[in-house]
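Asks: Quick one: structure below, then a few questions.
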Amino acid sequence: MFESFGFEETTAKEVSVLFALGIGILFGLLAERIQFCFRRAVVGDDRRAAAGVWLMALAVAVIGTQFAVSAELISFDDHRFMAAELPVLAIIAGGALFGAGMVLTRGCVSRLTVLSGSGNLRALLVLVVFAIVAHAMLKGVLAPLRVAVGSVTLDLGTTTSLATLPGGAWIWSGLIAAAALGVALRSGNRPVTLLMAVLIGALVPLAWVGTGFILLDEFDPIAMESLSFTSPAADSLFYTIAASSIPAGFGAGLMGGVLLGALLSSLVFGSFQWQSFESPRQTGRYLTGATLMGVGGVLAGGCTVGAGLSGVPTLSFAALLALVSIAGGALATQAVIQGASGSAGSPATPSPQPAE
């Protein structure tokens, strides 16, 4: 469709950077205001409210994405989420590692990106280390590990998503959306908070349609993408250090937009605050978590947003398995931490949790 706009000197990839920048700014603004984070929804002290926000966004993302599919605006038939050979070991192990890492760093990557834009230097360092490790897994010294673990697959044949099961796409989409909406409406959140979660969820199909339909150029194709942070973080790192030879893409625009949106929101609403590490032990914990998320995010095929908020609406089994594995890794790690804290100190005096 892009070629019908008559652009002669601007490519679809160049426009995708600006499009992603706008998507990122909106996500950064909204996520900073409602503290959007999957970790909080799974193991946070306010998990009920946080889960309501996250699931409200998911419900909208699922319905919006499947509407775009039914309208034949986009198709996931050739998308990596629908690969017949499911890298089951990589997804389960990667998801568990990512979940463990986000507990250690007290934030999923999307949340840490938002925190970086609002003055949190801990989050910024984690984000940089995460991007380095993810890039090493994708194209660097750790790539053989990715290939080896990814070679253990399960042949799904043509049954790669819920849409291929009895009932079809709309039945399963409706069930997921209804369940998510039911939790969200009973989460105790204010209507304005849920409304902002709705807007975050709407960004997912908007990005899918933008890159997969509006910017579709048969002569110079770009990847169909939506909200995600693993590959974009790695791409942004590479672009930052080699901008003269590596052009920016959707990922770099998205990361830059989220940082800018979070910065604007925190400045306008007075939540911007410089924060740093409090001890060497805390630094080690966060760097360990960043490394685990970098390895895990690549193996799992995405983070809580890429494989979760954007992946689950495709109804892909790979995305569903990744999200479940991330949640399982987070719960297991939190249980270990709480057990260690309980055995080390008095049960009546719980160990203080580091701030985000």
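Asks: I need a count of the residues in the range 260-282 that are open to solvent by 20 Å² or more (accessible area, probe 1.4 Å), of a type outside the set (K, R) and closer than 28 Å to A300 by Cβ.
Replies: Number of matching residues: 2.
Asks: Among the residues of the range 51-58, are any modelled with pLDDT under 95 and either open to solvent by less than 50 Å² (accessible area, probe 1.4 Å) or outside any helix (DSSP H, G or I) (or both)?
Replies: no
Asks: Output the qualifying pairs, or none if there are none: Cβ atoms under 7 angstrom, residues six or more apart or on different chains, first residue in the range 321-343 and more than 13 Å from G296 (Cα to Cα), second residue not in a helix (DSSP H, G or I).
Replies: Short answer, once both residue conditions are applied: S341/P350; S341/S351.
Asks: Just to verify a result, which residue in the range 196-232, among those that are hydrophobic (A, V, I, L, M, F, W, C) and modelled with pLDDT under 95, is least open to solvent (accessible area, probe 1.4 Å)?
Replies: Across the range 196-232, the extreme among qualifying residues is L215.
Asks: Working carefully through the options S116, S75, find the one that is assigned to a loop (DSSP other than H, G, I, E, B), within 29 Å of L206 (Cα to Cα) and open to solvent by 10 Å² or more (accessible area, probe 1.4 Å).
Replies: S75
Asks: Give me the pairs: first residue in the range 206-225 and under 14 Å from G311 (Cα atoms), second residue of a type in the set (D, E, K, R) and open to solvent by 40 Å² or more (accessible area, probe 1.4 Å), beta-carbon distance under 8 Å, and six or more apart or on different chains, which are they?
Replies: Cβ pairs passing all conditions: A207/E225; W208/E225.
Asks: Only one residue in L287, L315, L292 is in contact (Cβ under 8 Å) with a residue 12 or more places away in the chain, open to solvent by 40 Å² or more (accessible area, probe 1.4 Å) and under 30 Å from L162 (Cα atoms), so which one is that?
Replies: Criteria check complete, one pass: L292.
Asks: Just need a number here: residues in the range 130-148 that are modelled with pLDDT of 95 or more and either open to solvent by less than 30 Å² (accessible area, probe 1.4 Å) or assigned to a loop (DSSP other than H, G, I, E, B) (or both).
Replies: Matching residues across the range 130-148 total 9.
Asks: Scan the range 119-129 residue by residue and report those that are at positive phi and in a helix (DSSP H, G or I).
Replies: Passing the criteria: none in range.
Asks: What single numbered condition from (1) of a type in the set (F, W, Y); (2) open to solvent by 60 Å² or more (accessible area, probe 1.4 Å); (3) touching a helix residue (DSSP H, G or I) at 6+ places or on another chain (Cβ under 7 Å); (4) in contact (Cβ under 8 Å) with a residue 40 or more places away in the chain fails to hold for Y239?
Replies: (4)
Asks: Looking only at the range 247-259, decide whether some residue is open to solvent by 20 Å² or more (accessible area, probe 1.4 Å) and part of a loop (DSSP other than H, G, I, E, B).
Replies: Within the range 247-259, one or more residues are open to solvent by 20 Å² or more (accessible area, probe 1.4 Å) and part of a loop (DSSP other than H, G, I, E, B).
Asks: Scan the range 10-34 and report the pairs whose first residue is farther than 15 Å from T211 by Cβ and of a type in the set (K, R) and whose second residue is open to solvent by 60 Å² or more (accessible area, probe 1.4 Å) and not in a helix (DSSP H, G or I), with Cβ atoms within less than 9 Å and a gap of 6+ or a chain change.
Replies: Pairs that qualify, where the first residue is farther than 15 Å from T211 by Cβ and of a type in the set (K, R) and the partner is open to solvent by 60 Å² or more (accessible area, probe 1.4 Å) and not in a helix (DSSP H, G or I), are R33/F269.
Asks: Do we have E218 as within 19 Å of the chain's Cα centre (by Cα) and among the acidic types (D, E) here?
Replies: The answer is no for E218.
Asks: Of the numbered conditions (1) more than 30 Å from V103 (Cα to Cα); (2) open to solvent by 10 Å² or more (accessible area, probe 1.4 Å), E32 fails exactly one; give the number of that condition.
Replies: Condition not satisfied by E32: (1).
Asks: Condition first: assigned to a loop (DSSP other than H, G, I, E, B) and on the phi > 0 side of the Ramachandran plot. Now tell me which residues in the range 149-170 satisfy that.
Replies: Selection gives G157, G167.
Asks: Can you name the residue in the range 96-113 that is in a helix (DSSP H, G or I) and touching a Lys or Arg at 6+ places or on another chain (Cβ under 6 Å) and is also nearest to G302 (Cα to Cα) among such residues?
Replies: Residue satisfying both the conditions and the ranking: M102.
The values are calculated or read from the model by the stated rules, or taken from the named source; none is laboratory data. Small disclaimer: the values here were computed from a predicted structure and weren't measured. Virtual Cβ from ideal backbone geometry, glycine too; neighbours counted across all protein chains shown. Remember, those area values only see protein heavy atoms, side chains included, never the ligands or the DNA or RNA. Shrake-Rupley method; radii C 1.70, N 1.55, O 1.52, S 1.80 Å.
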